[in-house]
Amino acid sequence: MTEVTQIRTAAETGLGALFDRLKGGLPGDVAVREAALAGFRERGLPHRRVEEFKYFDLRALMREAAPPAPKPGATEVAKAFGFAKVFAEIEASRLTFVNGHLATDLAEGPSFPQGIEVVPLADALAEGHPALASLGRVEVARGNPILDLNTAFMNDGAVIRVPAGTVVEQPIALRFVSCSDRPFSTASRVLVLVEAGASVTLIESHEGSGIAAQTNTVVELVVGDGAKVDHVRFNGEGGETLSLSTFVATLGRNVTFATHNAVIGAAAARHQVFLVFKGEGSTAQIDGIGLLRGRQHGDATLVVDHAVPHCTSREAFKTILDGQSTGVFQGKIIVRPHAQKTDGGMKSDALLLSEGCTMNNKPELEIFADDVVCGHGATCGALDEDLLFYLRSRGLPQPEAESLLLQAFVGPPIEAVAHEGVREALVTAVESWLAGRR
């Protein structure tokens with residue numbers, strides 16, 4: 001029998017060599033990192049023949065393995081702060097990560113309220129912090145190659161704990177900023193524990209210069225019974241960036257949760273959401289917008305696991321595509337055998353503004369219970385010519401008429417953001433993107 005030898009790409013060979021060189025100096029248990037990388041060593045980077053990556057061929061998109069970014073100096077950190085603009089005016093307690101490293105020497109915005117624990121991830125890994133027992137515990141996310149690569153290489157980030165019953169008045173802002181004159185890679189990890197009855201708004205931004213960075217960021221959220229969490233994420237990274245991000249959430253009983261994602265930047269961006277209901281009576285709203293132009297590639301992939309009865313989830317995504325851009329929506333709702341009275345709905349809508357753009361929709365339902373209400377849908381189309389004619393007949397030029405219709409199209413997910421300042425910042429970002437079309 002002839003043995004088949006898999007040919008490795010330059011990126012796959014480089015990632016393996018990087019890990020072998022760096023693993024001894026990375027904080028935490030090396031065995032955990034080795035286990036996470038085992039699938040990569042066997043299969044390499046995911047490609048289009050892997051079903052979950054059919055529309056996001058990471059092997060083709062990642063040609064080379066960029067070296068990990070070194071810890072930036074004070075000058076580079078100060079320069080990076082100039083790129084962090086989208087939520088800059090919002091009063092918030094901030095953690096800033098420059099090229100994947102926590103910038104502990106610069107503080108901006110109000111300090112964290114008393115009682116909230118913030119520990120750099122590098123310290124938590126080195127010390128074996130008890131909160132790390134919650135890291136990587138979501139079953140439907142296991143084996144995901146992007147998440148596994150982050151687990152293997154993670155070197156900095158933060159552990160944040162919001163004590164039970166705490167109502168955090170100002171948002172907690174996680175700012176990830178890229179700033180360098182040469183290609184680099186990051187592997188940041190943030191774990192947020194929101195204990196029972198607490199309430200918090202978490203805003204996350206990814207911005208930076210146009211250098212060809214490879215960013216891999218994971219935010220994990222564990223929400224206790226009766227807690228309320230609003231999460232907003234914005235991607236405005238540089239136009240040459242390969243952006244990989246994963247959001248993992250575990251919800252307890254009677255939780256009210258919402259996550260909103262807006263993607264405008266990066267050459268190729270994949271944002272993954274893995275959410276599991278662990279307690280009954282919880283609700284989750286997952287929505288997002290994508291504004292893509294040129295040759296941008298934007299992928300929104302989510303898996304919602306209804307593991308217990310009496311929970312509700314709603315997923316709504318809006319994508320606008322121009323030029324030769326490519327959009328992807330992959331959504332899956334899983335209803336476990338005992339998760340009766342589940343209510344799940346999923347919808348993806350896309351507007352194609354040119355003949356060269358492409359939208360790939362792949363909604364899925366896996367239902368193993370019989371007393372449920374679940375549905376999904378997807379639409380793709382162009383701007384309504386009748387509405388355009390109506391607006392132009394009222395004296396609006398073509399660009400302004402199109403902008404009004406496009407703002408109305410992406411309006412519902414933005415209006416769903418509870419925090420007024422964050423909502424207005426997203427509106428401003430959308431208006432700026434639309435102005436670039438004129």
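The values are calculated or read from the model by the stated rules, or taken from the named source; none is laboratory data. Nothing here was measured: the structure is a model prediction, and the numbers come from that model. With ideal geometry, Cβ positions are generated from the backbone for all residues, glycine too; neighbour counts draw on all protein chains shown. Calculation scope for accessible area: heavy atoms of the full protein, side chains included, ligands and nucleic acids excluded. Shrake-Rupley method; radii C 1.70, N 1.55, O 1.52, S 1.80 Å.
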Within the range 207-230, of all residues that are open to solvent by less than 30 Å² (accessible area, probe 1.4 Å) and part of a loop (DSSP other than H, G, I, E, B), the one nearest to HIS101 (Cα to Cα) is ALA213
Assuming LEU147 fulfils every condition listed in (1) within 25 Å of GLY265 (Cβ to Cβ); (2) modelled with pLDDT under 95 apart from one, which condition is it? (2)
Taking PHE87 as meeting all but one of (1) under 19 Å from PHE274 (Cβ atoms); (2) touching a Ser or Thr at 6+ places or on another chain (Cβ under 6 Å), write down the number of the exception. (1)
Of the residues GLY281, GLY323, GLY298, which single one is modelled with pLDDT of 95 or more, surrounded by fewer than 16 Cβ atoms within 10 Å (Cβ to Cβ) and of a type in the set (Gly, Ala, Ser)? GLY323
Only one of ASP287, ASP305 is touching a residue at least 60 places away in the same chain (Cβ under 8 Å), in a strand (DSSP E or B) and touching a His at 6+ places or on another chain (Cβ under 7 Å). Can you tell me which? ASP287
Is it the case that the range 353-363 has a residue that's buried (at least 22 other Cβ atoms within 10 Å of the Cβ) and over 25 Å from SER245 (Cβ atoms)? no
Working only within the range 318-345, note down all residues that are assigned to a strand (DSSP E or B) and over 19 Å from PRO413 (Cβ atoms). THR326, LYS332, ILE334, VAL335, ASP343
Matching entry among PHE257, PHE274, PHE247 (being over 26 Å from SER403 (Cα atoms), assigned to a strand (DSSP E or B) and open to solvent by 10 Å² or more (accessible area, probe 1.4 Å)): PHE274
Does ILE90 satisfy being touching a helix residue (DSSP H, G or I) at 6+ places or on another chain (Cβ under 8 Å) and assigned to a helix (DSSP H, G or I)? no
If I ask for residues that are within 19 Å of LEU244 (Cα to Cα) and touching a Lys or Arg at 6+ places or on another chain (Cβ under 7 Å), which ones from the range 18-45 would you list? ARG33, GLY44, LEU45
Exactly one of these conditions fails for ALA133: (1) among the hydrophobic types (A, V, I, L, M, F, W, C); (2) open to solvent by 50 Å² or more (accessible area, probe 1.4 Å); (3) more than 15 Å from VAL194 (Cα to Cα); (4) within 24 Å of the chain's Cα centre (by Cα). Give me its number. (3)
Checking LEU45 against (1) in contact with a Leu (Cβ under 7 Å, 6 or more places away or on another chain); (2) in a helix (DSSP H, G or I), which test does it fail? (2)
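Which one is farthest from PHE153 (Cα to Cα), of the residues in the range 82-99 that are open to solvent by less than 40 Å² (accessible area, probe 1.4 Å) and of a type in the set (Phe, Trp, Tyr)?
Of all residues in the range 82-99, those open to solvent by less than 40 Å² (accessible area, probe 1.4 Å) come to 84, 86-87, 90, 92-99.
Subsequent filtering for residues that are of a type in the set (Phe, Trp, Tyr) retains 87, 97.
Details: PHE87: 28, PHE97: 16 Å.
Among them, the one singled out is PHE87.
Being under 24 Å from GLU237 (Cα atoms), small (Gly, Ala, Ser) and modelled with pLDDT of 95 or more is true for just one of ALA60, ALA69, ALA74, ALA78. Which residue is that? I'd like the intermediate steps shown before the answer.
Details: ALA69 fails: modelled with pLDDT of 95 or more; ALA74 fails: modelled with pLDDT of 95 or more; ALA78 fails: modelled with pLDDT of 95 or more.
Testing whether each residue is under 24 Å from GLU237 (Cα atoms), small (Gly, Ala, Ser) and modelled with pLDDT of 95 or more leaves just ALA60.
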Is one or more of the residues making up the range 396-409 within 22 Å of the chain's Cα centre (by Cα), within 27 Å of ILE286 (Cα to Cα) and surrounded by 11 or more Cβ atoms within 10 Å (Cβ to Cβ)? yes
Quick check on my filter: what residues within the range 260-316 are under 20 Å from LEU135 (Cα atoms) and of a type in the set (S, T, N, Q)? GLN272
Using the structure shown, decide if LYS347 is touching a residue at least 40 places away in the same chain (Cβ under 8 Å), within 23 Å of HIS260 (Cα to Cα) and not aromatic (Phe, Trp, Tyr). no
Here the qualifying pairs (Cβ atoms under 8 Å; residues six or more apart or on different chains; first in the range 406-419 and without any contact (Cβ under 8 Å) to a residue 40 or more places away in the chain; second open to solvent by less than 40 Å² (accessible area, probe 1.4 Å) and assigned to a helix (DSSP H, G or I)) come out as GLN407/VAL430; GLN407/LEU434
Return a yes/no flag: does the range 188-206 have any residue that is within 30 Å of ALA11 (Cβ to Cβ) and open to solvent by 10 Å² or more (accessible area, probe 1.4 Å). no
Which condition number in (1) under 25 Å from ARG142 (Cα atoms); (2) free of Cβ contacts under 8 Å to residues at least 12 places away in the same chain is the one that ALA11 fails? (2)
Of the conditions (1) out of contact with any Gly (no Cβ under 7 Å at 6 or more places or on another chain); (2) part of a loop (DSSP other than H, G, I, E, B), GLY356 clears all except one; give me its number. (1)
For the structure I just gave you, tell me whether ALA339 is surrounded by 19 or more Cβ atoms within 10 Å (Cβ to Cβ), more than 23 Å from the chain's Cα centre (by Cα), modelled with pLDDT of 95 or more and more than 25 Å from GLY239 (Cβ to Cβ). yes
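Hey, can you tell me all the residues within the range 331-343 that are more than 23 Å from ARG270 (Cα to Cα) and of a type outside the set (A, V, I, L, M, F, W, C)?
Within the range 331-343, the subset more than 23 Å from ARG270 (Cα to Cα) is 335-343.
Within the range 331-343, ARG336, PRO337, HIS338, GLN340, LYS341, THR342, ASP343 qualify.
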